[in-house]
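**Student:** Below is the structure I would like to discuss, written out as structure tokens.
The values are calculated or read from the model by the stated rules, or taken from the named source; none is laboratory data. Note that the coordinates shown come from a computational prediction; the quantities given were computed from them, not determined experimentally. Because the Cβ atoms are built from the backbone with ideal geometry, glycine has one as well, and the counts that use them run over all protein chains shown. Each accessible area value is taken on the protein alone, full model and side chains, heavy atoms only, with ligands, DNA and RNA left out. Shrake-Rupley method; radii C 1.70, N 1.55, O 1.52, S 1.80 Å.
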Amino acid sequence: MNYIDLHIHSTYSDGIIPPANLVELAHKAGLSAIAITDHDTTAGINEAMAHGQTLGIEVITGVEVSADHNGVPMHILGYNFRQDDHLLQQRLQVLQDARHQRNLKIFANLKGLGFDVDINDIPPTPGQVGRPHIARLLITKKIVKNMDQAFARFLRRGAAAYEQCYRMDAKEVISMIREAGGLPFLAHPAANDRQMKNTPQLLADLKDIGLAGLELYYPTHTPKTFKTLKRLGEELDLLFSGGSDFHGDNKPANKLGGRPNGQPIPYELLAAIKQQG
Ligand code: AMP
Ligand code: FE
Ligand code: FE
Ligand code: ZN
């Protein structure tokens, strides 16, 4: 059997491993194909593809975009699109600018709380700064002991320095991925709806506006969640994707390839994506 991992973060967003090294790890783990799905950016893909060719592992284009549908926040994964699509890159730039403005606000809040921290104190990164970078700075400055404390005290929704990030409308995200020749998938559908109360309606709504599939294989999906999602996807004639949401040790429980928390992810999913995308 051939296995894949279609949800991986690199140093271009909030992962801590560069794209080329991720490809190497995936190759060592015996995976046949991967997608780097950084938040709101495709900047790490070329490096991954070049290295994939050297090692003989397939790398497809990927991205994870923050979206909103009638007030419900979600992440939408895009696959197998043309990354040089002008409109796609223009929209991603808007998200990146908004993220920077949000970071400035978080730092203003931290200063307002009396902490001597500046956005320029964050070590240079090839990609975008996100809350995990700010959390690590708070650890370095000994303001908190660890990531959990950084999020609990300052960075999570409702915490002292929290600021909301601009989200694109789900419909816009779905069409921009489609227009770039790719397929949009709902990421980790159970993350915001553990009881799966709203997911059936949400999936039907999103399907109406062009959603191609849902992320079925995900480390936190229990066998019951998996079964429910599989049934919902089949009823709506949606495709399935799967990935580990690997971030390096920013999220230590998520292992590349989905093991050992999740099931290995069969290559057939990617074959179906490539057939339609
Ligand atoms: P941002 O994109 O800047 O809003 O940051 C979101 C990222 O922060 C997520 O993708 C996770 O990687 C990370 N994150 C969120 N909550 C926590 C937490 N409690 N502990 C560690 N990392 C977290
Ligand atoms: Fe993340
Ligand atoms: Fe996500
Ligand atoms: Zn992710």
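**Student:** Tally time: how many residues in the stretch 165-189 are in a loop (DSSP other than H, G, I, E, B) and either of a type in the set (A, V, I, L, M, F, W, C) or within 16 Å of ligand 2 (Cβ to nearest atom) (or both)?
**Tutor:** Total meeting the criteria: 5.
**Student:** Find the strands (runs of 3 or more DSSP E) located wholly in the stretch 8-92 whose residues include 3 or more that are surrounded by 23 or more Cβ atoms within 10 Å (Cβ to Cβ), and list them.
**Tutor:** Counting at least 3 such residues, we get 33-36, 62-69, 72-79.
**Student:** For L155, only one of the following conditions fails: (1) within 30 Å of D118 (Cβ to Cβ); (2) modelled with pLDDT under 95; (3) within 16 Å of ligand 2 (Cβ to nearest atom). What is its number?
**Tutor:** So L155 meets the others, but not (2).
**Student:** Separate question: Kindly evaluate L270 against the criterion of being in a helix (DSSP H, G or I), closer than 22 Å to G15 by Cβ and in contact (Cβ under 8 Å) with a residue 24 or more places away in the chain.
**Tutor:** Yes.
**Student:** Output the residues belonging to the stretch 25-61 that are touching a His at 6+ places or on another chain (Cβ under 8 Å) and within 16 Å of ligand 2 (Cβ to nearest atom).
**Tutor:** Correct list: A35, I36, T37, D38, H39.
**Student:** For the subset of the stretch 116-138 comprising residues that are outside any helix (DSSP H, G or I) and surrounded by 15 or more Cβ atoms within 10 Å (Cβ to Cβ), which member is farthest from ligand 2 (Cβ to nearest atom)?
**Tutor:** Out of the qualifying residues, it is V117.
**Student:** Another question, if that's okay. Kindly indicate which of P73, P19 is over 24 Å from T125 (Cβ atoms) and within 16 Å of ligand 2 (Cβ to nearest atom).
**Tutor:** After ruling out the rest, the residue left standing is P73.
**Student:** Here is a follow-up. Looking at the stretch 229-242, can you tell me whether even one residue there is in a helix (DSSP H, G or I), open to solvent by less than 40 Å² (accessible area, probe 1.4 Å), modelled with pLDDT of 95 or more and out of contact with any Ser or Thr (no Cβ under 8 Å at 6 or more places or on another chain)?
**Tutor:** Yes.
**Student:** Would you mind telling me which numbered condition in (1) farther than 25 Å from I76 by Cα; (2) open to solvent by less than 70 Å² (accessible area, probe 1.4 Å); (3) of a type in the set (D, E, K, R) K141 fails?
**Tutor:** Unmet for K141, out of (1) farther than 25 Å from I76 by Cα; (2) open to solvent by less than 70 Å² (accessible area, probe 1.4 Å); (3) of a type in the set (D, E, K, R): (2).
**Student:** Look through L110, L92 and report the one residue that is farther than 30 Å from E179 by Cα and touching a residue at least 24 places away in the same chain (Cβ under 8 Å).
**Tutor:** Testing whether each residue is farther than 30 Å from E179 by Cα and touching a residue at least 24 places away in the same chain (Cβ under 8 Å) leaves just L110.
**Student:** So A190 clears everything in (1) open to solvent by 50 Å² or more (accessible area, probe 1.4 Å); (2) within 30 Å of D237 (Cα to Cα); (3) modelled with pLDDT under 95 except one condition, right? Which one?
**Tutor:** The failed condition is (1).
**Student:** Okay, next question. Among residues belonging to the stretch 193-224 that are in contact with a helix residue (DSSP H, G or I) (Cβ under 8 Å, 6 or more places away or on another chain), open to solvent by 20 Å² or more (accessible area, probe 1.4 Å) and of a type in the set (A, V, I, L, M, F, W, C), point out the one that is nearest to G242 (Cα to Cα).
**Tutor:** M196
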